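Input: a single structure, listed below in structure tokens.
The values are calculated or read from the model by the stated rules, or taken from the named source; none is laboratory data. This is a predicted model, so every value here is computed, not measured. With ideal geometry, Cβ positions are generated from the backbone for all residues, glycine too; neighbour counts draw on all protein chains shown.
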Amino acid sequence: MATRTTESSVTFTRPFTLTALGRPCPAGTYRVVTDEEQILGVSFVAFQRTATMLHLPALSAASRTRQVVTVDPVELASALEADGQCPLP
């Protein structure tokens, strides 16, 4: 089964919270990685998202400790919308 990974970044202008984080995160630009698997048995190429991961801390934060958290993409899009940003595609 074919898989693909896409990377993007999202910017929050205000602190935000997601269920998977358990604590508020500061405003900033964060790296988002999405894994998808190809759907077999259809007459066209299609992929299904299997995981959305948020890299902590923000890209601009100076920190030796990095963490990757699997997040709900719908919740992430809602948080971006509440922050006044465009949601993820």
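All told, residue 58 meets the bar of being aliphatic (A, V, I, L, M), in a loop (DSSP other than H, G, I, E, B) and either under 16 Å from residue 13 (Cα atoms) or touching a helix residue (DSSP H, G or I) at 6+ places or on another chain (Cβ under 6 Å) (or both).
Please go through the stretch 25-49 and give me each residue that is touching a strand residue (DSSP E or B) at 6+ places or on another chain (Cβ under 9 Å) and either surrounded by fewer than 12 Cβ atoms within 10 Å (Cβ to Cβ) or outside any strand (DSSP E or B) (or both), ordered by number. 26, 27, 39, 45, 46, 48, 49 - these are the residues of the stretch 25-49 that are touching a strand residue (DSSP E or B) at 6+ places or on another chain (Cβ under 9 Å) and either surrounded by fewer than 12 Cβ atoms within 10 Å (Cβ to Cβ) or outside any strand (DSSP E or B) (or both). Take the conditions (1) among the aliphatic types (A, V, I, L, M); (2) in a strand (DSSP E or B); (3) in contact (Cβ under 8 Å) with a residue 40 or more places away in the chain; (4) out of contact with any Ser or Thr (no Cβ under 7 Å at 6 or more places or on another chain); residue 68 misses just one of them, which is (3).
Consider the stretch 3-24 and keep the residues that are part of a strand (DSSP E or B) and charged (D, E, K, R). The one that is farthest from residue 73 (Cα to Cα) is 4.
Yes or no, residue by residue, for (1) in contact with a Leu (Cβ under 8 Å, 6 or more places away or on another chain); (2) of a type outside the set (Lys, Arg):
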{"residue": "30", "(1), (2)": "yes, yes"}
{"residue": "35", "(1), (2)": "no, yes"}
{"residue": "39", "(1), (2)": "no, yes"}
{"residue": "52", "(1), (2)": "yes, yes"}
{"residue": "59", "(1), (2)": "no, yes"}
{"residue": "66", "(1), (2)": "yes, no"}
{"residue": "75", "(1), (2)": "yes, yes"}
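Screening the stretch 45-63 for residues that are at pLDDT 95 or above and aliphatic (A, V, I, L, M) and picking the one that is farthest from residue 26 (Cα to Cα) gives 51. As a summary of the residue check, residue 84 satisfies the conditions (1) part of a strand (DSSP E or B); (2) at pLDDT below 95; (3) exposed (fewer than 13 other Cβ atoms within 10 Å of the Cβ); (4) out of contact with any helix residue (DSSP H, G or I) (no Cβ under 8 Å at 6 or more places or on another chain) except for the one numbered (1).
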